[in-house]
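Novice: Can you keep this structure in mind? I'll have questions shortly.
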Amino acid sequence: MLHGPGDAGVVDVEPPAAGPGEAVVDVARVGVCGTDLELFSGELQYLRDGRSRYPVRPGHEWSGRVAAVGAGVDPGWVGRRVTGDTMLGCRACRRCRGGRQHLCEDRREVGILGHAGALAEQLAVPARSLHALPDAVDDALGALVEPGGNALRAARAAGAAAGTRVLVAGPGTIGLLAAMFARRAGAEVHVLGRDAQTLEFAASLGFDRCWTAESLPRLPYDAVVDASTAESLPARAVELVEPGGRVVLIGLAGTPSLLDTRVLALKDATAVGVLSASPGLADTITAYAEGAVDPRPLIAATIGLDEVADTLSGNRPKGAGRGPKVHVVPG
Ligand SMILES: [Zn+2]
Ligand SMILES: [Zn+2]
């Protein structure tokens with residue numbers, strides 16, 4: 001539980017009961033991500049604008065097995081391995097009815113906004129938010145479906161395909177996953193990063209076109225994906241993209257990123273924002289199950305609940321590998 005900025009600890013709570021329409025899941029794995037670090041530090045925009053409030057139980061990248069279901073839920077879910085959509089729309093408004101429940105004004109977000117997250121032995125979620133996991137998607141992959149869904153959407157928004165050249169800026173979890181999905185789609189993928197260590201790690205994943213701002217070759221980039229947290233990158237992406245190309249904005253800086261829209265217009269370029277994995281979850285599960293994309297090398301360490309607070313404060317777990325992702329086994 002997060003009690004306030006910088007204040008986190010493991011507490012005993014009542015086991016959740018499956019209310020009407022809900023499923024209770026035995027949590028197998030949970031990924032820790034940048035959003036969780038910002039929830040811990042208090043920097044998250046939702047905390048700043050009062051939409052989200054402490055105490056918060058984080059955890060929105062998870063896998064597990066359904067232990068119980070409430071009234072109105074198909075009992076066939078019990079025993080199935082699952083992950084779930086972070087975004088819980090109201091189901092009634094225009095956006096929800098139009099298939100954009102992840103953009104619902106009144107949505108809750110599991111582990112972030114108004115709904116307790118997965119960093120617990122058990123989690124209750126609406127059964128309609130569940131996605132079944134096939135055997136080929138193990139618990140680790142299952143907890144990587146949520147970031148994967150974001151990344152898959154970014155690669156699609158970039159128009160990644162054979163014969164295209166895609167530059168991904170920011171080789172964190174989302175950036176590397178987007179690079180993997182773009183590569184899978186047939187694109188020539190370039191990775192732009194800041195330090196040698198993260199670029200070396202990207203290279204170890206088979207990306208042999210890894211650059212810093214200084215070494216980046218001047219090539220026609222059909223798309224630039226900004227998965228960084230650098231305030232200057234969106235404007236740089238618009239500068240770098242080939243006329244007629246696509247700029248995908250999925251990273252968020254702590255301060256407003258300004259860009260000159262004249263450059264976009266004069267380049268006849270398309271800029272796309274991506275929020276949430278929701279529309280990409282099912283295809284991500286399929287891609288993982290087929291082995292088309294395997295992000296497990298991104299996991300640097302697997303820890304227990306007791307070590308989460310230390311990880312959220314920015315410390316790397318003991319013996320952690322080079323990848324950007326830390327996983328938690330709560331049981
Ligand atoms: Zn996340
Ligand atoms: Zn709604």
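The values are calculated or read from the model by the stated rules, or taken from the named source; none is laboratory data. For clarity, every value in this text was computed on a predicted model and none was experimentally measured. Positions of Cβ are backbone-derived with ideal geometry, glycine not excepted, and every protein chain shown enters the neighbour counts. Quick note on the areas: whole protein, heavy atoms, side chains included, nothing else; ligands and nucleic acids left out. Shrake-Rupley method; radii C 1.70, N 1.55, O 1.52, S 1.80 Å.
Novice: Starting from a Cα-only point model with no solvent, please compute log10 I(q)/I(0) by Debye for the chain at q = 0.08, 0.11, 0.12 1/Å.
Specialist: -0.36, -0.70, -0.83
Novice: Mind giving me the FRET efficiency for Lys318 and Ala71? R0 is 41 Å, r the Cβ-Cβ distance, nearest 0.05 is fine. Don't jump to the answer; show the numbers that get you there.
Specialist: Working: r = 45 Å, r/R0 = 1.10.
According to the calculation, E is roughly 0.35.
Novice: Arrange the peptides 294-301, 114-121 so that the one whose residues have, on average, the most other Cβ atoms within 10 Å appears first.
Specialist: Ranked by mean Cβ neighbours within 10 Å, highest first: 114-121, 294-301.
Novice: While we're here: Shape verdict for the range 248-331, please, from the Cα gyration tensor: rounded (a/c under 1.5), prolate (a/b greater than b/c) or oblate.
Specialist: Numbers: a/c = 2.89, a/b = 1.63, b/c = 1.77.
The shape class here is oblate.
Novice: With the cut-off at 1.5 for a/c, could you classify the range 2-143 from its C-alpha gyration tensor as rounded, prolate or oblate? Intermediate results must be reported in sequence, preceding the final value.
Specialist: Numbers: a/c = 1.67, a/b = 1.23, b/c = 1.36.
Oblate, since a/c reaches 1.5 and b/c is not below a/b.
Novice: Using only Cα atoms, locate the centre of the range 1-48 and the centre of the range 234-265, then give the distance between them in Å, rounded to an integer.
Specialist: When both Cα centres are located, 33 Å separates them.
Novice: Please give the residues of the range 36-74, grouped as numeric ranges, whose backbone N is less than 16 Å from a label point set 7 Å along the Cα-to-Cβ vector of Asp26.
Specialist: 63-69
Novice: Just the number, please: carbon plus sulfur as a percent of the accessible area of the range 150-273, 1.4 Å probe, no ligands or DNA/RNA counted.
Specialist: Working: 3060 of 5760 Å².
Its accessible area is 53 percent carbon and sulfur atoms.
Novice: If you add up the charges near Val11, with Lys and Arg at +1 and Asp and Glu at -1, over every other residue whose beta carbon is less than 13 angstrom from its beta carbon, what do you get? If you can, show how the numbers build up before the last one.
Specialist: Values: positive: Arg57; negative: Asp7, Asp12, Glu14, Glu121, Asp306.
Taking every other residue near Val11 into account, the sum is -4.
Novice: Can you check what the net charge comes to around Thr284, using other residues whose Cβ is under 10 Å from the Cβ of Thr284 (Lys, Arg +1; Asp, Glu -1)?
Specialist: Result for the local shell: -1.
Novice: Please find, in a Gaussian network model of the chain (springs between Cα atoms separated by less than 10 Å), the residue of Ala213, Ala182, Ala154 whose mean-square fluctuation is greatest.
Specialist: For the chain, modelled as a Gaussian network with Cα springs under 10 Å, the answer is Ala213.
Novice: Counting only the backbone N, which residues of the range 19-36 are under 17 Å from the spot 7 Å out from the Cα of Tyr54 toward its beta-carbon?
Specialist: 36
Novice: Under 20 Å from a point 7 Å along the Cα-to-Cβ line of Glu14: which residues of the range 47-75 have their amide N that close?
Specialist: Residues 55-58, 67-71 qualify, since their backbone N sits under 20 Å from the label point.
Novice: If the chain between Arg94 and Leu275 were fully stretched, how many nm would it gain, using 0.36 nm times the residue separation less the Cα-Cα distance?
Specialist: Difference between extended and current length: 63.4 nm.
Novice: Next up: So for the pair Ala161, Ser204, with labels modelled 7 Å out along Cα→Cβ, what separation do we get in nm?
Specialist: 3.5 nm
Novice: Could you give the size of the charge dipole of the chain about its Cα centre, using +1 on the Cβ of each K and R and -1 on the Cβ of each D and E, expressed in debye and rounded to the nearest 20? Display every interim value, and only then the final one.
Specialist: Working: 33 positive and 38 negative charges, 171 e Å.
For the chain, the charge dipole is close to 820 debye.
Novice: Normalising by the residue count of the chain, find the relative contact order in percent from Cα pairs under 8 Å and 6+ residues apart. Don't skip to the answer; put the middle values down first.
Specialist: Numbers: 766 pairs, mean separation 61.7, N = 331.
With pairs under 8 Å counted, the relative contact order is 19 percent.
Novice: Which residue, Val66, Leu240, Val189, has the largest displacement toward the positive end of the dipole of the chain when charges sit on each Cβ (Lys, Arg +1; Asp, Glu -1)?
Specialist: About the Cα centre, the residue reaching furthest to the positive side is Leu240.
Novice: Specify, per residue and in Å³, the volume enclosed by the convex hull of the alpha carbon atoms belonging to the range 188-235.
Specialist: Cα-based convex hull of the range 188-235, divided per residue, equals 91 Å³.
Novice: Oh, and also: Would you tally the net charge around His60, using a Cβ to Cβ cut-off of less than 12 Å, leaving His60 out, and scoring K and R as +1, D and E as -1?
Specialist: In short, -3.
Novice: If I model a spin label as a point 7 Å beyond the Cα along the Cα-Cβ vector, how far apart are those points for Asp195 and Val329 in nm?
Specialist: 2.9 nm
Novice: Still on this structure, I have one more. Given the -39500 (n - 2.57) contribution per DSSP H run of 4+ residues, what per-residue ellipticity at 222 nm results for the chain, rounded to the nearest 500 deg cm²/dmol?
Specialist: It comes out at -6500 deg cm²/dmol, rounded to the nearest 500.
Novice: Compute, for the range 150-273, the length of the dipole vector about the Cα centre, with Cβ point charges of +1 (Lys, Arg) and -1 (Asp, Glu) only. Units Debye, rounded to 20. Intermediate results must be reported in sequence, preceding the final value.
Specialist: Values: 12 positive and 12 negative charges, 68 e Å.
Using only the charged Cβ atoms, the result is roughly 320 debye.
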